[in-house]
1. What's the total number of residues in the stretch 64-84 that are within 11 Å of residue 108 (Cα to Cα), assigned to a helix (DSSP H, G or I) and open to solvent by less than 60 Å² (accessible area, probe 1.4 Å)?
2. Kindly check whether there is at least one residue in the stretch 279-286 that is without any contact (Cβ under 8 Å) to a residue 60 or more places away in the chain and more than 16 Å from the chain's Cα centre (by Cα).
3. Does residue 288 satisfy the criteria of being within 14 Å of residue 219 (Cβ to Cβ), modelled with pLDDT under 90 and hydroxyl-bearing (Ser, Thr, Tyr)?
4. So which residues in the stretch 230-273 are closer than 20 Å to residue 208 by Cβ and among the charged types (D, E, K, R), if there are any at all?
5. Just for the stretch 111-168: of the residues that are under 20 Å from residue 209 (Cα atoms) and over 15 Å from the mean Cα position of the chain (by Cα), which one is modelled with the lowest pLDDT?
6. Give just the number: which of (1) open to solvent by 30 Å² or more (accessible area, probe 1.4 Å); (2) over 19 Å from residue 159 (Cα atoms) does residue 126 not satisfy?
7. Being surrounded by 19 or more Cβ atoms within 10 Å (Cβ to Cβ) and of a type in the set (Gly, Ala, Ser) is the filter here; which residues of the stretch 106-122 pass it?
Amino acid sequence: MAFPLLAFASTFFFFSTFQGTTQFSTSQPNDSQLVSHISLPPEILPNNPLSPTSSPSEPATVFSVLSYGAVGDGEADDTPAFKMAWDIACSQTQPALLVAPAGYRFVVQPTVLAGPCQTSLLFQIDGTIMAPDGPRSWPNYSNKRQWLVFYNVTGMTVQGDGVVDGRGHKWWDLPCKPHKVKSSNLKLIDQRNVQAIRFFMSSNLTVQGLKVQNSPQFHFRLDHCQNVVVRMLNIHSPSLSPNTDGIHIENSNNIIVHSSLISNGDDCISIGAGSYNVHIRNITCSPSHGIRYKY
């Protein structure tokens, strides 16, 4: 159930707008008065916002998904290559750089990239990562509510000039209520709230510079996370795409979201129960529904 911004006994919310920008924070109550702040105009995204120079200070060992069998032709299943590259990079004791290079289109099935990792990991996405093409291509063995999941990861950066494409168009044509659809082998699968990127039970994260588009529903979700910075994202889906929230934050704390462009079919940013110390500023949000507290 969703409601506009409200004040509750356990938390307080501050919302202000100026020239299309927004500042919003959710925090534990420790002051008796709210102080008004007007946010600055949005920062302009550079043509090449980030590069591997943002990697850890120590030289990082590079692990390209191409070295582990990824094809990147937009058709072959590159999931095993991504999983293998992740597992090996995550197991290193020195800083590791995992790369999905530019000029390739990688098809990745619903998958969980799990930690804890032994090192500081930088995941550089400069190519395009694509979901299966609609519900009939979704594998039966997978969780039907999520696509790319980062689980139990600490101290990671995900960045790049690339695109994460949820290929949601065939999902949006389905009825709005939960329902079952036939997969490629004619078994029934349940379709509910398919999320493109989910960070679950993770901490000390930075996510920056990516374009995330056309998620079946939520584009980006933080769930049971803490100490996260999200910046310079470009989130896009058609204005009539149903329930395509840009960023959803739930049961998470010490979250900063800023300097991002969000254009989608539902809330730009939604905040669920159990979240506090959430700071949002310099967000360009159009034609979406703005920032909303949900529970």
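The values are calculated or read from the model by the stated rules, or taken from the named source; none is laboratory data. Quick caveat, the model's predicted, so the values are computed rather than measured. Ideal geometry is used to build each Cβ from the backbone, glycine not excepted, and the neighbour counts take in all protein chains shown. Ligands, DNA and RNA are excluded from the accessible area calculation, which covers all protein heavy atoms including side chains. Shrake-Rupley method; radii C 1.70, N 1.55, O 1.52, S 1.80 Å.
1. 3
2. Checked the stretch 279-286: no residue is without any contact (Cβ under 8 Å) to a residue 60 or more places away in the chain and more than 16 Å from the chain's Cα centre (by Cα).
3. Working: within 14 Å of residue 219 (Cβ to Cβ): yes; modelled with pLDDT under 90: yes; hydroxyl-bearing (Ser, Thr, Tyr): yes.
Answer is yes for this residue.
4. 231, 245
5. So the residue we want is 120.
6. For residue 126, the exception is condition (2).
7. Across the stretch 106-122, the qualifying residue is only 120.
A quick yes/no check of all residues on (1) farther than 26 Å from residue 203 by Cβ; (2) among the small types (Gly, Ala, Ser):
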site: 77; (1), (2): yes, no
site: 94; (1), (2): no, no
site: 134; (1), (2): yes, yes
site: 154; (1), (2): no, no
site: 157; (1), (2): no, no
